[in-house]
Ligand code: PLP
């Protein structure tokens, strides 16, 4: 704190530092450490074990003194991993991508977004983001100095978009449109197949770049997932962002990937060389070996997550004054508590005193006000305990 005041006094503190000071995550983590009895429903992590087979592979590779898997890899990512990713995309998204031309392995989905924003967005450009949406993305965008415009996700329609409103917002001055489906923080598959087709058609017509952030796509609970990739097979106007963080509960391994047109992948690759040199090598080698055999793991986790989600939704909707749409994917719910307390920050404080940590909807944008983001990824989630605590706090 002293350092920060000194920096401020010297006029040296950048907007980035000020921004991180306002982030609620650090405060929340500290409160959790000091109060282990609080049930943590606030932080966006996959709270289940990574695949045992993947861990075994990573341990074996780390100890391999002959093949030395700890060296730098190519910036673009190991060729066998990029080939495995192309097969994974075919299987899970029904899409084709050239492992040499279209795929860049990145330090999580975050780096994929960071690199794309750095090479594409200039000060004064117009970018169109969802509201509510994942806060870190807005932070990344803001640092490049564009004009940020928003399109709403609609609470009354299970947090999906009004396609006509998105099309209207996509005017000629817009450079980038970001779509995140399944959504953090709402759990919605925000665009239906017909809506996606219309959005991609307009993007091509106006040469708008669409960032489709699909990092939660392997966990969907209602109907098949619709990816944007099939709608622009040559990636003229599309960048796909995916990550293994949430799918395989390896947030700290820092591994994800971007799929785009060869010219954009080349730009991002060159930029990445100076930012991170390469994605962690053991994570890359391990996924290259493991990825083809992930089906049973994903199926089992999907069943667990769906069960958690359905129990949570049923119990929450039974509390008078609470409205909780089902999540169609990912592992967040964004229930509306506004009939009981209009301020999401005040509600978070109240529930924290009642033993449950949640994230305020307002942290994800103005449309999230009155709502709380609840995580349901915990393999050990005791729905009765959590919802009873919430209910007691609200009605007691
Ligand atoms: N996109 C969304 C919507 C997210 O919620 C996250 C993480 O919370 C990411 C991207 C980035 O995840 P990672 O960098 O861990 O792959």
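Just so it is clear, none of the values below were taken in a lab; they were calculated from the coordinates. Please read these numbers as outputs of a predicted model, since none were measured by experiment. Here the Cβ is made from the backbone with ideal geometry for all residues, glycine too, and neighbour counts use every protein chain on show.
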Practice task
Grab the Cα-Cα distance for residue 222 and residue 296, subtract it from 0.36 nm times how many residues apart they are, and report the gain in nm with one decimal.
Solution key: 24.8 nm
Fill in the blank from the handout: Computed over the chain, the relative contact order (Cα-Cα under 8 Å, seq sep at least six) in percent reads 23
Handout entry: Rounded Å value of the spacing that divides the Cα centres of segment 162-176 and segment 228-265
Key = 22
Exercise for the section: Would you please give the FRET efficiency between residue 194 and residue 74, computed as 1/(1 + (r/R0)^6) with r the Cβ-Cβ distance and R0 = 35 Å, to the nearest 0.05? Expected result: 0.30
Exercise for the section: Report the extension gain between residue 274 and residue 349 in nm, rounded to one decimal, defined as 0.36 nm multiplied by the number of residues separating them, less their alpha carbon distance. Expected result: 22.8 nm
Handout entry: Per-pair calculated FRET efficiency, R0 = 22 Å: residue 266 and residue 207 via Cβ, rounded to 0.05
Key = 0.70
Handout entry: Inter-probe distance in nm under a simple model that places probes 7 Å from Cα toward Cβ, at residue 380 and residue 157
Key = 4.1
Fill in the blank from the handout: The value for segment 73-293 (convex hull of the alpha-carbon atoms, volume per residue, Å³) is 109
Practice task
Please tell me the relative contact order of segment 73-293 in percent, rounded to the nearest whole number, where contacts are Cα pairs under 8 Å and at least six residues apart.
Solution key: 29
Practice task
Work out how much length residue 303 to residue 53 would gain on full extension: take 0.36 nm times their residue separation and subtract the Cα-Cα distance, in nm to one decimal.
Solution key: 88.0 nm
Handout entry: the chain - Rg and Dmax from Cα coordinates, angstrom
Key = 21.1, 64
Practice task
Write down the percent of antiparallel bridges among all DSSP beta bridges whose residues are both part of the chain, to the nearest 5.
Solution key: 45
Completion exercise
Sorted on mean Cβ neighbours within 10 Å (highest first), peptides 220-229, 255-264 come out as 255-264, 220-229
